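First comes the structure, then the notes that go with it.
The values are calculated or read from the model by the stated rules, or taken from the named source; none is laboratory data. Worth saying up front: this structure is predicted, and the values here are computed from it rather than measured. Cβ atoms come from the backbone with ideal geometry, glycine included; neighbour counts cover every protein chain shown. Ligands, DNA and RNA are excluded from the accessible area calculation, which covers all protein heavy atoms including side chains. Shrake-Rupley method; radii C 1.70, N 1.55, O 1.52, S 1.80 Å.
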Amino acid sequence: MKILVLNAGSSSQKSCLYDIPDDRLPDHPPKPIWEGLIDWTHQAGVAEVKVEAAETLLKQQVPFSSRIPVIEQLLATLWNGSTQVIADRAEIHVVGHRVVHGGRKYHESTPITPEVKEAIEQFIELAPVHNPAHLEGINAIEHILGSVLQVAVFDTAFHAQMPDAASIYPGTYEWVEKGIRRYGFHGTSHQYCAERTAELLGENLNDLKLITCHLGNGASLAAICNGRSIDTTMGFTPLDGLMMGSRSGSVDPSILIHLIRHEGYDADRLDHLLNSASGLLGISGVSNDLRQVMSAIDAGNPRAKLALDLYIHRLRSCMGSMLASLGRLDALIFTAGIGENASNIRAAACEAFEFLGLKLDAEKNAGRPRDQIISTSDSKVKVLVIHTQEDWAIARDCWKLSRKG
Ligand code: ADP
């Protein structure tokens, strides 16, 4: 079964094609047989299209005024030219889309109908950068592949059944009625990591209490009980919670009132400040990339050191909050760019929870762990590093849904 996955963002669109047997899902994520990337920011009005397939790497610069023809050109490399991997577009059985915001209505992956498209459109207000890009992808597929089954895999879905106490902000009740509440994001990654953890521990997910730490440029934690998200750090938008690459995470809302009243800020300027100029970048003044912040620390930059100290403090305090929601902890999981690669961040985060009987194996942590337990054998809390595979998780859901239909 050929499954196409589209992961459309504001500045890029990643796509891949999986070829998996019709009758069973493989135990381990297979490598996609085709991978495509469009970088919309390559140059003003010019996108860079990269395709890797059939042992070929194709790179093209494509001038564009609208995005859909570029997406169509990218997809045509599946059945044309040196990167061809299928004889005909009709071989594509199902297409999965990562969709950032689906509100609370969708708590699992859902076949795309006009009603689902309408919901994605409704949530543009809350995901102004991502949801329009998802709709573009869906429309491009409709145009090229006609009535093929398309599936929306929502970042919010895994958190959609969080208890009210965790998801309602203590503003006015009007907020609840208007849908101003905590939605949570990175759901596909948190869920995938929880399932993979249960597999690696040889335990039933329904018996486990877990904290998953998705630490990339964007970062969030989830408290997972019986395979369900019961609390998470991102909120109404992906700005809440942890300190991130260029996002502030949670700050006292009065700071914003102060900036409006006394420094002439308006909504756009605040948006830029909090989403693009804060976090590791804002404090260090060096970069939103942790590797560069660490190099600056090595070179003696005190602001870079301060940024790292804040990052760790925020991470530990949010972990504490997830722990309180769970009441017990069986495993702590690190994933995404920082979670998978930065052994110093993992060590610093774990150190604060040694009182639980958590013991990190320093040697395993310092290696290059991937889908591996990095706590000692007598640790009361297991610690794991999981390589998150959101595209594969999307493809898996598509496979399951297409067999149901
Ligand atoms: P995104 O949210 O954009 O998908 P990623 O999951 O790729 O982000 O994570 C990006 C972050 O991971 C960056 O801060 C980067 O510095 C960090 N990172 C990647 N590799 C390493 C590494 N080897 N050591 C430390 N940090 C790393």
Ellipticity estimate at 222 nm from DSSP helix runs (n ≥ 4, -39,500 (n - 2.57)) divided over the chain, nearest 500:
-11500 deg cm²/dmol
Which percent of the accessible area of the range 128-172 is formed by carbon and sulfur heavy atoms (probe 1.4 angstrom)?
60
Accessible area, probe 1.4 Å, largest first, for residues Arg261, Arg182
Arg261, Arg182
Given a 1.4 Å probe and heavy atoms of the protein chains only, how would you sort Glu142, Glu125, largest accessible area at the top?
Glu125, Glu142
With an 8 Å Cα cut-off and a minimum separation of 6 or more residues, compute the relative contact order for the range 204-385 in percent.
22
Solvent-accessible area per residue for the range 2-154 (1.4 angstrom probe, square angstrom)
47
Rounded to the nearest 20 debye, what is the charge dipole size of the chain about its Cα centre when +1 sits on each Lys and Arg Cβ and -1 on each Asp and Glu Cβ?
560
In the chain, taking the dipole from +1 charges on Lys and Arg beta carbons and -1 charges on Asp and Glu beta carbons about the Cα centre, the listed residue (Val94, Val151, Ala304) farthest towards the positive end is Ala304
Placing unit charges on C-beta atoms (Lys and Arg positive, Asp and Glu negative, everything else neutral), compute the dipole magnitude of the range 161-229 about its Cα centre in debye, rounded to 20.
160
Amide H contacts under 5 Å for Gln372, restricted to residues at least 5 apart in sequence or on another chain and with H modeled in the peptide plane, are Val385
Could you work out the relative contact order of the chain? I mean the mean sequence separation of Cα pairs under 8 Å and 6+ apart, divided by the number of residues, in percent.
13
Most fluctuating of Ala53, Ala87, Ala127 in the GNM of the chain (C-alpha, under 10 Å) is Ala87
Ser317 and Ser254 label points (each 7 Å along its Cα→Cβ direction) are spaced in nm at 1.5
Using the Cα centre of the chain as origin and beta-carbon charges of +1 (Lys, Arg) and -1 (Asp, Glu), tell me which of Thr335, Ser284, Leu274 is placed farthest towards the positive end of the dipole.
Ser284
Could you point to the residue in Cys350, Met319, Thr376 farthest towards the positive end of the range 261-402's charge dipole, with +1 and -1 charges on the Cβ of Lys/Arg and Asp/Glu respectively?
Thr376
Could you state the angle between the C-alpha long axis of helix 187-201 and the longest principal axis of the C-alpha atoms of the chain, as a value from 0 to 90 degrees rounded to the nearest 10?
80
Against the longest alpha carbon principal axis of the chain, how many degrees, from 0 to 90 and to the nearest 10, is the axis of helix 130-145 turned?
20
Of the peptides 76-82, 216-222, 184-190, how do they stack up when ordered by the mean number of other Cβ atoms within 10 Å, highest first?
184-190, 216-222, 76-82
Angle between the chain longest axis and helix 267-276 axis [Cα atoms, degrees, rounded to 10]:
80
If you put +1 on each Lys and Arg Cβ and -1 on each Asp and Glu Cβ, how big is the dipole of the range 44-157 around its Cα centre, in Debye rounded to 20?
140
In whole Å, what is the distance between the alpha-carbon centres of the range 168-231 and the range 70-85?
36
Share antiparallel - DSSP beta bridges, the range 204-385, percent rounded to 5:
60
Cross-link pairs beyond the 23 Å C-alpha cut-off, checked among Lys105/Lys400; Lys105/Lys209; Lys2/Lys404; Lys209/Lys400:
Lys105/Lys209; Lys209/Lys400
Rounded to whole Hz and in sequence order, give me ³J(HN,Hα) for the range 90-107 from the Karplus expression 6.51 cos²θ - 1.76 cosθ + 1.60, θ = phi - 60°, writing x for Gly and Pro.
5, 5, 6, 8, 7, 10, x, 10, 6, 10, 5, 10, x, x, 9, 5, 9, 10
In nm, what is the difference between 0.36 nm times the number of residues separating Glu174 and Glu354 and their Cα-Cα distance?
60.6 nm
Quote the FRET efficiency, to the nearest 0.05, computed for Asn301 versus Lys400 with a Förster distance R0 of 51 Å and r equal to the Cβ-Cβ distance.
0.55
Between Asp19 and Ser66, how many nm apart are label points set 7 Å from Cα along the C-beta direction?
3.4
Using modelled backbone amide H atoms (1.01 Å from N, in-plane), which distant-in-sequence or interchain residues come within less than 5 Å of Val99's amide H?
Val153, Phe154, Asp155
In the chain, what percentage of the DSSP-assigned beta bridges are antiparallel, given to the nearest 5?
70
Whole-Å distance, taken between Cα centres, linking the range 106-154 and the range 335-385
37
Taking the mean number of other Cβ atoms within 10 Å as a proxy for protection, how do you rank 129-135, 269-275, 304-310, 143-149 from highest to lowest?
129-135, 304-310, 269-275, 143-149
